[in-house]
Each structure stands twice: as structure tokens, then as C-alpha cells.
1. Through the Karplus equation 6.51 cos²θ - 1.76 cosθ + 1.60, θ set to phi - 60°, convert the phi angles of segment 215-225 into ³J(HN,Hα) values in whole Hz; use x for Gly and Pro.
2. Between GLN170 and GLU121, 0.36 nm times their residue separation minus their Cα-Cα distance comes to what?
3. Lysine pairs, Cα distance under 26 Å, 8 or more residues apart or cross-chain: how many in the chain?
4. Once the Cα atoms of helix 119-179 and of the chain are each reduced to a long axis, what angle between those two axes, in degrees from 0 to 90 to the nearest 10, is obtained?
5. Starting from the Cα gyration tensor of segment 228-355, multiply each eigenvalue by 5, take the square root, and state the resulting semi-axes largest first in whole Å.
6. Based on the Kirkwood radius over alpha-carbon pairs, what is the Stokes-Einstein translational diffusion coefficient of the chain at 4 °C with 1.567 mPa s viscosity, in µm²/s?
7. Put a dot 7 Å past each Cα toward the Cβ at ALA99 and ALA350; how far apart are the dots in nm?
8. Tilt of helix 98-107 relative to the longest C-alpha principal axis of the chain, in degrees (0 to 90, nearest 10)?
Amino acid sequence: MVPPLEFPPEAVATRVLVVDDDSGVREILVRLLTSQGYAVTEADGTDAALAILIRDREVPLVVSDVNMPGRDGRELLREIRSRYPDTAVVMLTGDGDVATAVECLKIGASDYLSKPVQVHEVRARIDMALAERQLTLEVRRLRESYHTDLERQVRDLARKNQAMFLAQVQMAVTMLEAKDPYTRGHSGRVAEYAVATGRQMGISIALLEEIRLGGELHDIGKIGTRDAVLQKPGPLTDEEFAEIRRHTVDGEAMLSVLRTDHPEVLHIARWHHERLDGTGFPDGLTGQQIPVTARIVSVVDAFDAMTTTRSYRENQSIDGAWTELQRCAGRQFDPDVIAAFRAAFPDSAALPILS
Ligand SMILES: [Fe+2]
């Protein structure tokens, strides 16, 4: 027993185009299909049929004769398959002409009807062709919505993963700073100074967001530096200094999952100790080779280090820090960044900010 069709044909106002050069055949089909509730149009050949398809754009079903003068039904079928892939086509073939029927099915016909047409057969074949078309459309719609949904879920998951990663590294920075009373709040202040400076320089909101994150995470690589070295009062040996310098490349590596969405955060981690004259580390970049984001963090990082007490020395006065930045302008620090930083914080009495 044949199972019932899952998608019954749309009986009301479904448009059908009947194509045959024999007006007698057209009349039979038009009458039959109209009585079934279809909205039927007719054409006497391939060119007339294509003109109707261009005008009506999408016709769900075409019933077409194969043998017609001029461009025959096969040509019409090929045109429809390439231009209107969602249109079902049922071909009318001569009685017993199985070879032509098979040829049409190979080109892409949904089905064929042998002439002379039988009423019950026309109904059955047309209902079936429309039901198949409906099923194909529904499967495609489901597949597309499945893919859209899947893509959205993957994007959501990636966003959640990144948010989780950021929460973890921010927590790591807090823990890192908590170990050393001298650096507590350093990254938060650097982020705030850097964003205000960047804003003063007219930097875009999106890049300011990178600067904020980069400011918070710029020293994350120090997780790999020994406490004895980090908190050592007094001068460092060459070996210890080399260990300190590694926090730039280590930090960049730790943040590598952010490379696609937040490349500037990685630039800040790697290059916030570069100097304009090329004597910085880790790469010895010069001038404009150093991204502006890293040039900004470099200035405000040094300012915060000078204006807060460190294990190896007492803090400087704010004015002393401004003077020191200015003294190193052009060699170590970008003078435009220093000017923007000062303009963003004109009141020295309000510095250092609390974080
Ligand atoms: Fe650093």
C-alpha cells in the first residue's frame, strides 16, 4: 500500500502552464486542470512558454508536449531546468515512446504522460509532481534553517568561550598583582590611562576597546616569571633581566586565541616595551613600526610604574614623572602620545587615579 503523501498538493490557485502546439490537447488539459482548482495558463510553443515564465517568474508546474514545431519540448525543459530549478515539469510523449520519455527524465522532467491523456492519470501524475516539488522545497528550507541555526550556535559558543577565556586571564592578572602589593591595581590604571589617551588622539571606539583589554592584559606573561625576580629589590642580573623580558613574548603566546578577534591585544602584550629608537625589547622595533596601541600603553605603563611605589624604589612625584616622560620623548616614548596623555589628565592633583 502506498503511504499517504506527507505534503498534499496545493489544490487552490496553484499555477500550471500547459504547453502544446495542438489546441485540442491544450483544451482538454486546461479544462481538466481548471476543474481541479488549478490556475491554468497556456502556450502553443517553447518561445511563448518562456515568455510567460519570464512574466510570471515562478510557475510551480509546467505540462509540456515534446514534439512541437521550432524549439521543441526538450529545449523548453532544458531552459526551465537551468533558469527555474524549482519548477516541476511533466512531459507529454507519444503513445509508447518510452525512449523519449526516458530522455526527458534524464534532462530533468519530474514525470511524463502518454498521449492520448487519461483523466485519472493526469490527476495522479500532476498531484505527485507537485507533492514532490513541495517536499524538495521543504527539505531545502529545513536544511537552510538547520545550517543557519548551526552557524549561530557555533558563533554563540565561540563568543562564550572567548568571554570565559577573558574572565580567566583577567582573574589571572588580578591574582598576579595581588601577590605583589606594589603592583596592585597597575593593569587597571594602565587600561584607564591608555583608553583616555587613545580617546584624546581620536582613536576609534573599536580600537579603544582593544586598548582597554590590552592595557589590562599587557603583563599577563609575568605569570611565568619567578616571584624572586619580579619582587627583587635592587638591580637585576643579566639573566634575571632576560627572564623579565620574556614576559612580552610569553604574554603574546598566552593570548594567542584572541589573535583573530583582538589582534591589537597581542600587539600590546608583545610590544609595550619597545622604544622609538629601537633599543627596546623583544624585537627592537623603531618609530612607526611599533603599533600606536603599544606606543600608548608603553607611555602610560611607565607613568604608572613611576608614580606608584615599587619594590625596588619609592614613587616619584607626578610632576617628576611628567618631566621624566618628556625627557625620554622621541627616544623611548612617542611625543604625541605623551601630549595626548597630559591633555587627557590636565589636573596633576587628581593623579595617580585610583583603581
Ligand atoms: Fe610589561
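1. Computed from phi, the couplings for segment 215-225 are x, 5, 10, 4, 9, 4, x, 5, 4, x, 8 Hz.
2. On the way: separation 49, 0.36 × 49 = 17.64 nm, distance 7.27 nm.
Stretched out fully, the GLN170 to GLU121 stretch lengthens by 10.4 nm.
3. Counting lysine pairs in the chain gives 5.
4. 0 degrees
5. Listed largest to smallest, the semi-axes of segment 228-355 are 23, 20, 15 Å.
6. Details: Rh = 26.4 Å.
Taking Rh from Cα pairs, D becomes 49 µm²/s.
7. The modelled label-to-label distance comes out at 9.4 nm.
8. In the chain, helix 98-107 runs at an angle near 20 degrees to the longest axis.
The numbers here are math on the coordinates, done by the rules we state, and not lab data. This is a predicted model, so every value here is computed, not measured. Positions of Cβ are generated from backbone atoms using ideal geometry, with glycine treated the same way; all protein chains shown enter the neighbour counts.
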